[in-house]
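The values are calculated or read from the model by the stated rules, or taken from the named source; none is laboratory data. Note that this is a predicted model, so its numbers are computed, not measured. In this analysis, Cβ positions are derived from the backbone assuming ideal geometry, glycine residues included, and neighbour counts consider all displayed protein chains. For the accessible areas, the whole protein counts, side chains as well, though only heavy atoms, and no ligand, DNA or RNA atoms are used. Shrake-Rupley method; radii C 1.70, N 1.55, O 1.52, S 1.80 Å.
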Amino acid sequence: MTTHETDVLVIGSGIAGLSFALKAADSARVAVITKKERARSNTNYAQGGIAGVFGSDDEFELHIRDTVLAGAGLCHYGAVVELVREGPARIRELVEWGARFTTEGNDFSLGREGGHSRRRIVHAADLTGHEIERALVAALAEHPRVTVFEDHLAVDLLTGLDPQTRARHCAGAITLDRRSNTLIEFRARFTLMATGGLGTAYKHTTNPDIATGDGVAMAYRAGVEVANLEFVQFHPTALYPAEERAVLISEAVRGEGAVLRTMRGKPLMDGHPLGSLATRDIVARTIDHQLKESGDSHVLLDLSPIPRETIESHFPFISTECAARGIDIRSEPIPVVPAAHYSCGGVRTDELGKTSLAGLYAAGEVACTGVHGANRLASNSLLEALVFSHKAYGRLSLELRRPMPEVAESVPFIGSGRGQGKAIDLAAERTALRWLMWENAGIVRSDARLAEAERQLRTMQARVGAAFAPGALDAGLLELRNLCEVALLIVQCATSRKESRGLHYNVDHPYRDNEHFLRDTSMVTEVI
């Protein structure tokens, strides 16, 4: 196995990983590994924008209040304060790196999305993530101390012993070079996990096909604490029919006045004080209930209250995507359904991005900082990635003073002899997993459905384990292994929460239980 040594290892190339790498490279050698092309990530698909307090009628306390209210009692207040107060500086930093946001005069053009009491969404038309990713990739390409390894799938974390304390320490990661199908050990003093989300565990998702929960699965196998994985956010409005990767219809459309309606034209959200701008968990459940009650395949998003010039200037991507399907959004409604969008749980970190394993940090969607609680407020995700990767960067100089960890003989890696090489149909298994999760651990759950999901997932996990052949690795099989791992974690976390809160709704436990469940759901496995 080839070994590559570096000061800092970044796993993932979204907004968290790239912004961190740019800063870390000022004082260290940085290796960025990404499983596909460097510009392909959940960041790239983010339409709506990035939340920040810039409006003359806005203030930090209002953004904090909106975030905590959306989080249904589980937000970590200190983390929310850090997010909101530091947010504007980090957004301005993106501008310094070359991001071009939509402006009105000399100020940012500010949109509004569900759960926000003010207009505070900084955006680049309706392709904000794409613009941020473009700017970061361009800035990174000019930095001589950063090396990007594309088509490298992280397989497992390397763990070792700190030469000074003899405690377990992250020593980097093992990757599979997909081009040569060879393994490489990346050894590092400091590792930032920024691997993104897990949306492809569900039949319908707005995530790209690379969002297979790799970071959460790797961390859990290495004995790192994970938390709150039952809180999977379903975006209420994906373009119907939702294909392999559903086209997101940004919440900003409703922020400009669009109204959700049933197939018969009746307003869907009139019973809620915020109407169509209620938080995503409420809107998604309402749509789910309407579809099940009526038998309809989708609902309608009516843009007629929005002036034509606003539609054309604010939503060019959505207009183009809908036009390709024969829909003129200026004169006809958009058919929409919910789709898995964002994981509020993940690898547990503190407010500096530190995980329970020394030397390992996490930022972005893979992390659980406590900011989102039981439900993420719209457009706080890109902000969280920026703020907490910056916090992790603040710890870098201390970590780099440590000597390189001694790699232990045993690492959580599928070695020779673990499987029997039994052939399985990867595409069929992956499709079955996604249907299973959609039906049994989706927007609305029950004890019986969760139990059935766990039973079938354990059987599938055994089949996947048996499929590994001694001395041979397959990227698709590795991703399926990770999907099985995170799907089980979602189901186990959901099963243990005997209440309904935020994004987790169980018909057998329909009410909040603050006495027993006003806490995070934490899981950790023992590493032998």
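Within the stretch 503-528, the residues that satisfy the criterion of being outside any helix (DSSP H, G or I) and either at pLDDT below 95 or among the acidic types (Asp, Glu) (or both) are Asp508, Asp513, Asp520, Thr525, Glu526, Val527, Ile528. For the condition over 30 Å from Gly502 (Cβ atoms) and either of a type in the set (A, V, I, L, M) or surrounded by fewer than 24 Cβ atoms within 10 Å (Cβ to Cβ) (or both), Glu225 does not qualify.
If the condition is being open to solvent by 50 Å² or more (accessible area, probe 1.4 Å) and in contact with a Gly (Cβ under 9 Å, 6 or more places away or on another chain), then the stretch 158-171 contributes only Arg168. All conditions but one from (1) at pLDDT 95 or above; (2) open to solvent by 20 Å² or more (accessible area, probe 1.4 Å); (3) touching a helix residue (DSSP H, G or I) at 6+ places or on another chain (Cβ under 9 Å); (4) farther than 18 Å from Lys391 by Cβ apply to Asn44; the one that does not is (1). For the stretch 485-499, the tally of residues that are more than 22 Å from the chain's Cα centre (by Cα) and closer than 12 Å to Ala374 by Cβ stands at 1. Just one of (1) in contact with an Asp or Glu (Cβ under 8 Å, 6 or more places away or on another chain); (2) surrounded by fewer than 22 Cβ atoms within 10 Å (Cβ to Cβ); (3) modelled with pLDDT under 95 fails for Arg118. It is (3). Of all residues in the stretch 121-137, those that are buried (at least 24 other Cβ atoms within 10 Å of the Cβ) and touching a Gly at 6+ places or on another chain (Cβ under 6 Å) total 4.
Lys498 satisfies every condition listed in (1) out of contact with any strand residue (DSSP E or B) (no Cβ under 6 Å at 6 or more places or on another chain); (2) at pLDDT 95 or above; (3) not hydroxyl-bearing (Ser, Thr, Tyr) except (1).
Number of residues in the stretch 235-256 that are open to solvent by 10 Å² or more (accessible area, probe 1.4 Å) and either touching a strand residue (DSSP E or B) at 6+ places or on another chain (Cβ under 9 Å) or modelled with pLDDT of 95 or more (or both) equals 10. Being within 25 Å of His372 (Cβ to Cβ), more than 24 Å from the chain's Cα centre (by Cα) and assigned to a strand (DSSP E or B) is the filter here; which residues of the stretch 98-125 pass it? Residue satisfying the conditions is Phe108 alone.
Listed here are the residues, each with its yes/no results for (1) among the aromatic types (Phe, Trp, Tyr); (2) open to solvent by less than 50 Å² (accessible area, probe 1.4 Å); (3) in contact with a Phe, Trp or Tyr (Cβ under 6 Å, 6 or more places away or on another chain); (4) in a strand (DSSP E or B).
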{"residue": "Leu153", "(1), (2), (3), (4)": "no, yes, no, yes"}
{"residue": "Asp156", "(1), (2), (3), (4)": "no, yes, yes, yes"}
{"residue": "Ala173", "(1), (2), (3), (4)": "no, yes, yes, yes"}
{"residue": "Thr212", "(1), (2), (3), (4)": "no, yes, no, no"}
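Looking for something farther than 18 Å from Gly213 by Cα and not charged (D, E, K, R) - is there at least one such residue anywhere in the stretch 340-351? The answer is no; no qualifying residue exists.
Within the option set Arg481, Arg463, being open to solvent by 10 Å² or more (accessible area, probe 1.4 Å), closer than 20 Å to Ala211 by Cβ, assigned to a helix (DSSP H, G or I) and of a type outside the set (Phe, Trp, Tyr) holds for one residue only, Arg481.
Taken as a whole, the condition of being more than 18 Å from Arg445 (Cβ to Cβ) and open to solvent by less than 30 Å² (accessible area, probe 1.4 Å) does not apply to Asn506.
Taken over the stretch 490-522, the criterion of being aliphatic (A, V, I, L, M) and within 15 Å of Cys344 (Cα to Cα) is satisfied by Ile490, Val491, Ala494, Leu503.
Suppose we filter the stretch 177-186 for residues that are touching a Leu at 6+ places or on another chain (Cβ under 7 Å), part of a strand (DSSP E or B) and surrounded by fewer than 22 Cβ atoms within 10 Å (Cβ to Cβ); how many remain? Of the residues in that region, 2 qualify.
Condition check ((1) under 30 Å from Asp209 (Cβ atoms); (2) at pLDDT 95 or above; (3) assigned to a loop (DSSP other than H, G, I, E, B); (4) over 21 Å from the mean Cα position of the chain (by Cα)) across all residues:
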| residue | (1), (2), (3), (4) |
| --- | --- |
| Asp66 | no, yes, no, no |
| Cys75 | no, yes, yes, no |
| Leu83 | yes, yes, no, no |
| Gly87 | no, yes, no, no |
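Against the criterion of being in contact with a His (Cβ under 9 Å, 6 or more places away or on another chain) and part of a helix (DSSP H, G or I), Arg449 does not qualify.
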